[in-house]
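Have a look at the structure below before the remarks.
The values are calculated or read from the model by the stated rules, or taken from the named source; none is laboratory data. Here the structure is a predicted model, which means the values were calculated and not measured. So basically every Cβ, Gly included, is an ideal-geometry build from the backbone, and we count neighbours across all protein chains shown.
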Amino acid sequence: MLAHYAFIGVFFIAAASFPILPLIGAYFLRPSRPTEVKLDTYECGLEAIGDIWVQFKVQYYLYALAFVVFDIEVVFLYPWAVAFNQLGLFALVEMAIFLFILIGGLVYAWRKGALEWV
Amino acid sequence: MNILIMVIFVVLAAFTLAAGVMVVTVKNIIHAALWLIASFFSVAAMYLLMEAEFIAIVQVLVYVGAISILVLFAIMLTRHVTGEGVRQLYKRWWIALIVAAALFGVLIVPTVFNYEWAVQPSGAQISIASTVEIGTAFMREYLLPFEVASVLLLVALIGAIVIAFEERSTRRRVLTLAEEVEQRRQRNESLRLAPTTHASETSE
């Protein structure tokens, strides 16, 4: 089984070396004559104004958190679905309860308006 | 083949530890989060090396995909904490050192003294790593933890919403986010009109 995943490892190493090798080559080949203009932040040819550090809206965080919760829910669904044929009606009821509890959370988030973009 | 697996293990372990060290040493907190993602990734590769396919995929899905997004958003929500010029060592770092060393000792001491770990609770020779086994285990032996997990997820979701908009919890009626933002705007304007806060507002 591990041999199958060795392909992923090979692809990973190939993909990682794809940007790294040209950069190493360029490091040895290029002349280095930095000036103040060259080292400046490039922003579409315009002079950069202000700080790059902007505060995100709290909505992004709520969306990310709802995503994590339902992501984990789906993770629980996968092994259940794979083993479904061996488990029968009891498992269906159990998963329904599991999902029902989480739908409660979704309803709460919905009623709070946490899913609306302001 | 065994040698090869050993080499891969050592490389992965070294990378995980190096990434972990980078998380706590780099100055920029965004870089620390990115190093954390790198260490999550190599832990996923470690699971794959142990032939725990499902857990490896879950590690990538949940930790690399979701948790790291959450961490990055949490950093971006906070204002002006690039970590530059901030002391990284906490005052009572030695307490953390003792706790970390004790936790590490709990793992390493039995391993060094060849302690027999209880791998399977029932003594069955099933591989817990396979997806079908995990699915049946959830519905049989671990039914209660499985259902409790959904309550835990529910608490996480509701708790996050309550913490993000804590003013709402004092009211009886559920406000929508639009109303909440409007109230905050009004309160900020009334603050801006007060002469004492005016100076600090404009200087920011």
* Asked: Where residues in segment A:77-117 are within 22 Å of the chain's Cα centre (by Cα) and more than 7 Å from chain B (Cβ to nearest Cβ), which of them is farthest from B:T136 (Cα to Cα)?
  -> A:W117
* In this structure, does A:A16 turn out to be within 13 Å of chain B (Cβ to nearest Cβ), modelled with pLDDT of 90 or more and surrounded by 10 or more Cβ atoms within 10 Å (Cβ to Cβ)? -> yes
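For segment A:75-92, what are the residues that are of a type outside the set (S, T, N, Q) and within 16 Å of B:Y142 (Cβ to Cβ)?
A:V75, A:F76, A:L77, A:Y78, A:P79, A:W80, A:V82, A:A83, A:L87, A:F90, A:A91, listed by residue number.
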